[in-house]
Amino acid sequence: MRMADVALVTGTSSGMGLHAAVELARRGLTVVATMRDTARSGDLRAAAERAGVVLDIRALDVVDHPAAEALVDAVARDHGRIDVLVNNAGRGCVGTAEQLGMDVIRDQLEVNYLAPVHLAKLVLPGMRERRHGCIVTVTSVGGAVGQPFADAYCGAKFAVEGFMQSLAPVAEQFGVRVSVVEPAAVASEFVANVERPAAVGAYGDQLQRYIARTSGAFASAQSAADAGAAIAGAATSPDYRFRWQTSDAAVRFVGASLADLDGERVLGVTRTWIAG
């Protein structure tokens with residue numbers, strides 16, 4: 001009988017990552033749940049207790065590549081292997097090109113693109129050798145639909161989707177499934193942590209309209225518990241798909257972009273978000 005799969009999940013102090021970690025444990029996986037500061041693990045521990053599951057909670061700042069290497073080595077040593085990687089840690093950013101410093105753009109790439117790529121590289125050798133594994137990267141509908149005032153965020157999410165889609169057919173030859181999960185608006189602390197420009201300059205009116213529209217979308221957002229369950233489902237489904245969405249709204253949004261050969265359908269929608 002095969003031992004329980006070992007899952008490594010990043011960004012689990014709150015929101016989707018918290019619920020995904022608990023749901024994977026509820027489904028019988030051994031779960032290593034990471035976050036930058038384990039002093040913020042109270043909500044995760046309480047959720048695990050309510051669900052009657054045990055988690056191995058460890059500290060990891062995903063942009064600290066030596067720390068990520070040490071963590072992956074430690075998990076493999078303590079649990080024998082890593083069968084499932086869920087790249088959930090992420091960071092939002094509001095601002096259009098002129099408002100964004102290059103340091104902000106690099107930060108978005110570090111968190112939302114380079115960190116998941118690095119973790120995938122770290123777990124791939126063991127998965128390939130065992131011919132068994134699953135790498136799930138939580139992107140966003142912003143990984144398929146470019147949105148006003150999300151230039152750096154969407155750019156990083158587009159990049160990680162392209163990387164993972166390119167990797168997927170190669171990894172599949174060695175028994176490793178690579179997927180992305182695309183949530184739409186989710187009720188979580190993610191919005192509160194979004195970086196915003198200090199000065200709006202000429203873009204004040206458009207930015208105000210964008211924020212008003214986005215606030216409305218998050219007022220009716222999918223629950224973090226539902227999104228987390230969808231992530232866990234993608235990681236454990238017997239049926240492989242590269243691209244998963246967590247809600248009907250996400251399906252409609254992503255589908256419109258993927259079928260938009262000249263780009264006009266998406267721009268026709270996003271123009272209305274900022275038009276006076």
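Which percent of the accessible area of the chain is formed by carbon and sulfur heavy atoms (probe 1.4 angstrom)? C and S atoms contribute 54 percent here. Calculated accessible area for segment 1-42 comes out at 42 Å² per residue, all protein chains present (probe 1.4 Å; ligands, DNA, RNA ignored). Measuring with a 1.4 angstrom probe and ignoring ligands and nucleic acids, residue 151 comes out at about 60 Å² accessible. Restricting the calculation to Cα atoms, segment 201-268 shows an Rg/Rh of 1.09 when the hydrodynamic-style radius is the Kirkwood one.
Here the calculated FRET efficiency for residue 265 and residue 121, from their Cβ-Cβ distance with R0 = 45 Å, stands at 0.80, rounded to the nearest 0.05.
Here the sum of -39500 (n - 2.57) over DSSP H runs of 4 or more residues, divided by the residues of the chain, equals -15500 deg cm²/dmol at 222 nm, to the nearest 500. Structural size metrics of segment 137-262, computed from C-alpha coordinates, are Rg and Dmax of 15.9, 52 Å.
Overall shape of segment 74-196 was characterised from the C-alpha gyration tensor. The equivalent ellipsoid obtained from it has semi-axes of 29, 14, 13 Å, in decreasing order.
Residues whose amide H lies under 5 Å from that of residue 196, counting only those 5 or more places away or on a different chain, are 94; hydrogens are built 1.01 Å from N in the peptide plane. Averaging 1/r over each pair of different alpha-carbon atoms in the chain and inverting the result gives 19.1 Å, the Kirkwood hydrodynamic radius. Restricting the calculation to alpha carbons of segment 11-81 gives Rg and Dmax of 11.8, 34 angstrom.
The values are calculated or read from the model by the stated rules, or taken from the named source; none is laboratory data. Treat the numbers as computed from the prediction; the structure is a model and nothing was measured. We place every Cβ from the backbone using ideal geometry, glycine too, and count neighbours over all the protein chains shown. These area figures cover heavy atoms from the full protein model, side chains too; ligands, DNA and RNA do not enter into them. Shrake-Rupley method; radii C 1.70, N 1.55, O 1.52, S 1.80 Å.
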